[in-house]
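Every number in this text was worked out from the coordinates using simple rules, so none of it is lab data. Nothing here was measured: the structure is a model prediction, and the numbers come from that model. Heads up, the Cβs are rebuilt from the backbone with ideal geometry, glycines too, and the neighbour counts pull from every protein chain shown.
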Amino acid sequence: MNLILLGPPGAGKGTQAKFICKKYDIPHISTGEMFRKNIAEKTYLGMLVKEYTDKGNLVPDHITIKIVDERIRETDCKKGFLLDGFPRTITQAEALDTLLKKYNLVINRVLFIAVSNEVVIERNVGRRVCSSCGASFHIRFNPSRLLNKCDYCLGELTQREDDTISALNNRLAVYKLQTKPLIAYYRSNKLLSKIDGACSAEIVFQNIETALGHY
């Protein structure tokens, strides 16, 4: 089963990706993680990616596609995969279609986790991350026991730079411009399942299971 996970920042894609991959025994393929892995391993593609990320530029589509191509050919993808963070644009979606045809593969379902801008901002602005171990908390939904201290290592809790209201508004504007057209693209191909992301994580996953049905 080959899946794509779509949704705005703060929709809960990371949490749902863990549930999906455990239930259906498929790997979670995140382009961000693949970029970091290739950079850490100093692969040829990783060094190309680093040239762009070091300058704060987006990685060109042709490099991203090459990395996705290498990843889906690994043995753990034989049962399928979950793509998260790719495709982001119609151009990337069309390139992915071309790539999959090369291996006689198709996307079985696109899961769109829908949440309002208000929910996105509330979830992200309240998030706090441990500067030492990376554990994540939320000042309303999952507060730490000690103010501004991590429950696990007592490290300092900080707010990420991209979790401010101004940064989130910019991210949402980019999402609306680039990624939202993918919803129409996959809906026209009868692949899209819209999931209400404002529910609890458990309810969201139950709705995902229903959407996937017999797979």
Over 18 Å (Cα to Cα) - which of K101/K176; K37/K66; K13/K194 fall in this group: K101/K176
Relative contact order, percent, region 84-201 [alpha-carbon distance under 8 Å, six or more residues apart]: 36 percent
Calculated mean projected area of the Cα convex hull in nm² (choose from (1) 12.7; (2) 15.8; (3) 10.8), label: (1)
Computed over region 33-112, the ratio Rg/Rh where both radii use C-alpha atoms and Rh is Kirkwood: 0.97
Cut-off under 5 Å, modelled amide H: who pairs with G85 long-range: L5
Per-pair calculated FRET efficiency, R0 = 30 Å: T158 and K101 via Cβ, rounded to 0.05: 0.10
Relative packing of 80-89, 67-76, which averages over residues the other C-beta atoms within 10 Å, highest first: 80-89, 67-76
Net charge contributed by nearby residues that have their C-beta within less than 15 Å of L82 (K/R +1, D/E -1): +2
Proximal charge balance of D162 [Cβ under 12 Å; K/R count +1, D/E count -1]: +1
Sites D151 and E41, calculated FRET efficiency, Cβ-Cβ separation with R0 45 Å, nearest 0.05: 0.85
Fewest-first sequence of V120, V106 by Cβ atoms within 10 Å of each Cβ: V106, V120
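In terms of the Cα gyration tensor, with a ≥ b ≥ c the square roots of its eigenvalues, is region 157-215 rounded because a/c is under 1.5, prolate because a/b exceeds b/c, or oblate?
In terms of gyration-tensor shape, oblate.
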Residue-count net charge about N124 - beta-carbon cut-off 10 Å; Lys, Arg +1, Asp, Glu -1: +1
Charge-dipole axis of the chain as Lys and Arg at +1 and Asp and Glu at -1 on Cβ define it, positive-most pick from P9, Y103, G197: Y103
Burial ordering of S166, S144, S116, fewest other beta-carbon atoms within 10 Å first: S166, S116, S144
Exposure proxy order (Cβ contacts within 10 Å, fewest to most) of R187, R127: R187, R127
Magnitude of the charge dipole, region 137-215, Cβ model with Lys/Arg +1 and Asp/Glu -1, debye to 20: 340 debye
Additional length obtainable on full extension of the chain from F141 to S200, 0.36 nm per residue less Cα span: 20.1 nm
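Over the chain, what is the mean sequence separation of C-alpha contacts under 8 Å (at least six apart), divided by residue count, expressed as relative contact order in percent?
About 28 percent, as a whole number.
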